[in-house]
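The values are calculated or read from the model by the stated rules, or taken from the named source; none is laboratory data. Remember, predicted model here, so these are calculated numbers, not experimental data. Every residue, glycine as well, gets a Cβ built from its backbone with ideal geometry; the counts of neighbours run over all protein chains shown.
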Amino acid sequence: MQTGVPDFSVKDLFDAGVHLGHSISRWNPKMESYIYGIKGGTHIIDLRKSYFLLSRALRAVKEVANKGGKVLFVGTKQSSRQVIEEYVKLCGHHYVNYRWLGGTLTNWRTILRSIRKLDNLDKILLSEKGFQTYTKKELLKVEKKREKLQLSLSGIRDMKRLPNLLIVLDSVKDSIAISEANKLKIPVVAISDTNSDPDKVDYPVPGNDDSLRSIKLYLELFSRALLTASEEE
């Protein structure tokens with residue numbers, strides 16, 4: 001593999017359950033070339049292809065970071081929200097892990113206004129003037145508004161411009177994010193389980209998108225690639 005890209009093996013993928021796809025009733029025929037076989041009514045993903053395509057995706061991520069680009073991770077499944085936040089904060093990039101707001105990419109100026117609104121709500125709640133100006137009931141309303149915005153915007157609050165690359169951890173659940181990136185010609189790396197359409201992303205990675213072990217492995221490898229790039233600057 002390319003120097004500086006995290007090393008991993010097919011065994012690592014197997015141990016993390018990356019090969020376990022969805023039930024055969026849920027498959028997308030476009031994933032046929034990435035499927036090794038069927039076991040117990042479940043499609044088994046060909047880990048040799050997962051290894052090759054994940055290696056390629058890691059090189060793409062590293063290349064973007066080496067050029068000073070920023071990466072946006074997208075994964076809104078409740079089960080993986082915490083680990084996404086933990087890993088992405090470590091490598092200093094951005095994430096959406098709660099709900100994808102329509103227009104996050106294609107209507108970025110509106111999102112920036114929402115971020116400014118969140119900043120203003122913080123000022124109200126943290127300043128002595130805010131407590132002097134607003135009643136307790138009004139402050140509770142401000143706090144609720146702030147909490148709602150914080151959930152959706154916390155991972156992109158410091159994102160000053162559109163990202164140079166998206167990493168999507170479930171290409172079906174977060175298909176809107178992929179569609180927006182496609183419109184803006186922002187390249188996309190996506191974990192593509194057996195129910196996915198790999199044609200919609202630039203760097204599909206055939207793999208389990210449900211298992212927390214699998215997701216942790218993807219996040220560890222991508223974050224290590226980004227950290228290595230920052231250390232080389």
Options SER152, SER179, SER175, SER171: the member that is more than 22 Å from ALA57 (Cα to Cα) and among the small types (Gly, Ala, Ser):
SER152
Any residue at all in the stretch 133-145 that's in the same structural domain as LEU20 (by TED's automatic domain parsing) and touching a helix residue (DSSP H, G or I) at 6+ places or on another chain (Cβ under 6 Å)?
no
Given the criteria touching a Phe, Trp or Tyr at 6+ places or on another chain (Cβ under 7 Å) and either farther than 27 Å from ALA225 by Cα or surrounded by 20 or more Cβ atoms within 10 Å (Cβ to Cβ) (or both), does ILE45 qualify?
yes
Only one of LEU151, LEU139, LEU169 is without any contact (Cβ under 8 Å) to a residue 60 or more places away in the chain, in contact with a Gly (Cβ under 8 Å, 6 or more places away or on another chain) and not acidic (Asp, Glu). Can you tell me which?
LEU139
Return a yes/no flag: does the stretch 183-194 have any residue that is surrounded by fewer than 16 Cβ atoms within 10 Å (Cβ to Cβ), closer than 26 Å to ASP12 by Cβ and at pLDDT 95 or above.
no
Tell me, which helices (runs of 4 or more DSSP H) wholly within the stretch 116-219 include 3 or more residues that are closer than 21 Å to MET31 by Cα and not basic (Lys, Arg)?
175-183
Looking only at the stretch 81-109, count how many residues are surrounded by 15 or more Cβ atoms within 10 Å (Cβ to Cβ), within 17 Å of GLU180 (Cβ to Cβ) and without any contact (Cβ under 8 Å) to a residue 24 or more places away in the chain.
0
Mind checking which pairs have a first residue in the stretch 110-123 that is free of Cβ contacts under 8 Å to residues at least 24 places away in the same chain and a second that is part of a helix (DSSP H, G or I), Cβ under 9 Å, 6 or more apart or different chains?
LYS123/LYS129; LYS123/GLY130
Can you tell me which residue among VAL64, VAL88, VAL74 is under 23 Å from GLU220 (Cβ atoms) and touching a helix residue (DSSP H, G or I) at 6+ places or on another chain (Cβ under 6 Å)?
VAL74
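To keep it simple, each residue is scored yes or no on (1) under 14 Å from VAL71 (Cα atoms); (2) outside the structural domain of GLN78 (by TED's automatic domain parsing).
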position: LYS148; (1), (2): no, yes
position: ILE176; (1), (2): no, no
position: ASP202; (1), (2): no, no
position: VAL205; (1), (2): no, no
position: ASP209; (1), (2): no, no
position: LYS216; (1), (2): no, no
position: ALA225; (1), (2): yes, no
